[in-house]
Amino acid sequence: MSVRIGDEAPNFTAETTIGEINFYDYLSDGWGILFSHPRDFTPVCTTELGAVAHLKPEFDRRGVKVIGLSVDPSESHEKWAADIEETQGAKVNFPLIADHDKRVADLYDMIHPNASDTATVRSVFVVGPDKKIKLSLTYPASTGRNFDEILRVIDSLQLTAKHSVATPANWKNGDDVIIVPAVTNEQAKEKFPGGWNEIKPYLRVVKQPK
Ligand code: BEZ
């Protein structure tokens, strides 16, 4: 079954490198990112897990819990972690799900049989504090993901949740943002007392709220 934006994130209990985890308990009332990689001891995956480990303080700062997944067993994840530390210069500092029975992969539609019927594709799900899916991405096995982009999306999602603003094309943290269409001008006066630039009635640009 596919899991789409706005759907409730399916909960699960799974074996991980830090013991059994219930996904909802792990997320508590914060944000989360669940991402799959095709296989342990593969080159692109090695660089990706190193990149996420380096960025862990950035996820922490945003209140985002990270959890990875592949269909390999825990012992394999643990052995591979030593290679990641040696080659990428970062200790794997987040849990990896050992989804050997593909239960979680099936729940999140992470196996695309026409790509591979034995390995997960590179899926990313961002889950909000309401346990709803806020972002879903699918990359092929041969393309490593840009985790700076995932942090950028999280910044945008968190701004929307807190301030009712959206972010334009190629937005970077600190750039101007857009008042969401659901906010009327009357409401906008309260929310943005410094005013905004109305380029069109539907395109109202405002400084990024702090
Ligand atoms: C990799 O992680 O390097 C990889 C995995 C499957 C296919 C191609 C690359």
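The values are calculated or read from the model by the stated rules, or taken from the named source; none is laboratory data. The model shown is predicted, which means the values in this text are computed figures rather than measured ones. Using ideal geometry, Cβ is built from the backbone for each residue, glycine included, and neighbour counts are taken over all protein chains shown. What goes into the accessible areas is simple: the full protein's heavy atoms, side chains included, and nothing from ligands, DNA or RNA. Shrake-Rupley method; radii C 1.70, N 1.55, O 1.52, S 1.80 Å.
Things to note:
- Reachable lysines from K172, criterion Cα separation under 24 angstrom, eight or more residues apart if same chain: K56, K65, K134, K162, K191, K200, K207, K210
- Calculated [θ] (222 nm, deg cm²/dmol) that DSSP helices of n ≥ 4 give over the chain, each run adding -39,500 (n - 2.57): -10000 deg cm²/dmol
- Calculated from backbone phi, Karplus (6.51, -1.76, 1.60) coupling profile of segment 92-105 in Hz, x at Gly/Pro: 5, 10, 8, x, 10, 6, 9, 9, 5, 8, 6, 5, 6, 4
- Over all Cα atoms in segment 56-180, the spread is summed up by Rg and Dmax: 16.5, 49 Å.
- Computed from the Cα positions only, the extents of segment 1-67 along the three principal axes stand at 33, 31, 27 Å, in decreasing order.
- 3J(HN,Hα) from dihedral phi, segment 6-16, Karplus parametrisation 6.51/-1.76/1.60, rounded to Hz, x for glycine, proline: x, 6, 6, 5, x, 7, 7, 10, 8, 6, 9
- Scattering curve values for segment 61-126, log₁₀ I(q)/I(0), Debye with Cα scatterers, q = 0.17 Å⁻¹: -0.70
- Taking every alpha-carbon pair under 8 Å whose residues sit at least 6 apart, segment 26-69 reaches a relative contact order of 64 percent.
- Put simply, when 194-206, 125-137 are sorted by average Cβ atoms within 10 angstrom per residue, most first, you get 125-137, 194-206.
- Crossing angle, helix 74-88 versus the chain [Cα axis fit, 0-90 degrees, rounded to tens]: 70
- Surface composition of the chain: carbon and sulfur atoms hold 52% of the protein heavy-atom accessible area at a 1.4 Å probe.
- Computed over every Cα-Cα pair of segment 131-206 and binned at 5 Å starting from 0, the pair-distance distribution P(r) comes out as 3, 13, 23, 20, 15, 11, 7, 4, 2, 1 percent.
- Rounded to the nearest 20, the Cβ-based charge dipole of the chain about its Cα centre (Lys and Arg +1, Asp and Glu -1) stands at 1060 debye.
- Applying the Karplus relation 6.51 cos²θ - 1.76 cosθ + 1.60 with θ = phi - 60° to segment 54-66 yields 3J(HN,Hα) values of 5, 8, 3, x, 5, 5, 4, 4, 8, x, 10, 8, 9 Hz, where x marks Gly and Pro.
- The Kirkwood radius of the chain, taken over pairs of alpha-carbon atoms, gives through the Stokes-Einstein law at 20 °C and 1.002 mPa s a diffusion coefficient of 117 µm² s⁻¹.
- Positive-end residue of N197, T47, A82, charge dipole of the chain with Cβ unit charges: N197
- Normalising the average separation of contacting C-alpha pairs (under 8 angstrom, six or more residues apart) by the number of residues puts the relative contact order of the chain at 22 percent.
- A 1.4 Å probe over all protein chains sorts E86, E58 by accessible area into E86, E58, starting with the largest.
- Placed amide H near T120: partners under 5 Å, 5+ positions off or other chain: V71
- Antiparallel %, DSSP beta bridges [both residues in segment 1-128], to 5: 45
- Probe 1.4 Å, accessible area per residue of the chain, Å²: 51
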